[in-house]
Amino acid sequence: MVLFQADPGIQNIPPNVELEQIVGRAPPAQFSRLQYENHLLDKITGKTSLPYTSSVNLKAQDRQIAVTKTEYFISQPDGSFSKQVTDVDVGVPGIISFVYLTTKQSPPRQIQFRKVARRLEEVTGRLFPLDNGSLLSFNIVFAYQVTRGSKTKPAQDLVWSYRFQKIGHYEGYTLPDRTVSGKIYIIARRVIDPEGGIDNTLIHFAESIGAAIKTVRQGEEFIEETRLVSMETSLTDP
């Protein structure tokens, strides 16, 4: 049985998952669309993908929880590989997702990953509001499911461990056509997956738009840098 058929939404977060200590008083999303430039380095092969752009569209929101849809295309400079990716995330943009659907297409293959938070464990500390919060750690038991082509595996309950630490802040971020005002908080995020793999990310989070303006993510096999290059704050923006 598939965890969910269509794109997930806020309704897919189980009511027993208490999010207040994690997202309470997080700034709400204040954008309709964000565009990022991304650079990806494969540590194993040493290959760098061509710079690619990703677009993040706000689909729905209920207080601190937002539903975003991200689309991007990755290719190797020699044309030997290409991949189109679509992510639908339910959570705090750029910080954490409690439900998500990732679809990766590298013709003729397609693979989908679904995750739904089942429960929180060992929650300590607080991150939001960012002017007071400093350190937060917890575990999430996710129902995790993989679909390859038309074959879907049964969902498994697996544990991911999270640790967030605010390590500094600065004022404002300049885009080509505008300035993102207010404080930009630098947050160190450490995620340990069910197999013990470690993912470290530095998140530059803009309080005024409720989203990341820059991330530097280091996995065991890659380094990915993402930087905001344009944004729309309403459906009437050009």
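The values are calculated or read from the model by the stated rules, or taken from the named source; none is laboratory data. Here the structure is a predicted model, which means the values were calculated and not measured. Heads up, the Cβs are rebuilt from the backbone with ideal geometry, glycines too, and the neighbour counts pull from every protein chain shown.
Per-residue answers, yes or no, for (1) crowded, with 20+ Cβ neighbours inside 10 Å; (2) more than 16 Å from the chain's Cα centre (by Cα); (3) touching a residue at least 40 places away in the same chain (Cβ under 8 Å):
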position: 170; (1), (2), (3): no, yes, no
position: 174; (1), (2), (3): no, yes, no
position: 184; (1), (2), (3): yes, yes, no
position: 196; (1), (2), (3): no, yes, no
position: 199; (1), (2), (3): no, no, no
position: 221; (1), (2), (3): no, yes, yes
position: 228; (1), (2), (3): yes, no, yes
position: 231; (1), (2), (3): yes, yes, yes
In this structure, does residue 28 turn out to be out of contact with any Asp or Glu (no Cβ under 7 Å at 6 or more places or on another chain), farther than 24 Å from residue 199 by Cβ and not hydrophobic (A, V, I, L, M, F, W, C)?
yes
Close pairs (6 angstrom Cβ cut-off, 6 or more residues apart or separate chains): under 13 Å from residue 9 (Cβ atoms) in segment 57-76, among the aliphatic types (A, V, I, L, M) and part of a loop (DSSP other than H, G, I, E, B) anywhere:
58/29; 61/29; 66/29
List pairs: first in segment 129-158 and touching a residue at least 60 places away in the same chain (Cβ under 8 Å), second aromatic (Phe, Trp, Tyr), Cβ under 6 Å, 6+ apart or cross-chain?
130/185; 136/164; 138/162
Do we find a residue being modelled with pLDDT of 90 or more, under 13 Å from the mean Cα position of the chain (by Cα) and closer than 24 Å to residue 216 by Cβ anywhere in segment 38-54?
yes
Among strands (runs of 3 or more DSSP E) entirely within segment 125-238, at least 2 residues that are over 30 Å from residue 44 (Cα atoms) and of a type outside the set (Val, Ile, Thr) occur in 135-148, 156-174, 179-192, 222-232
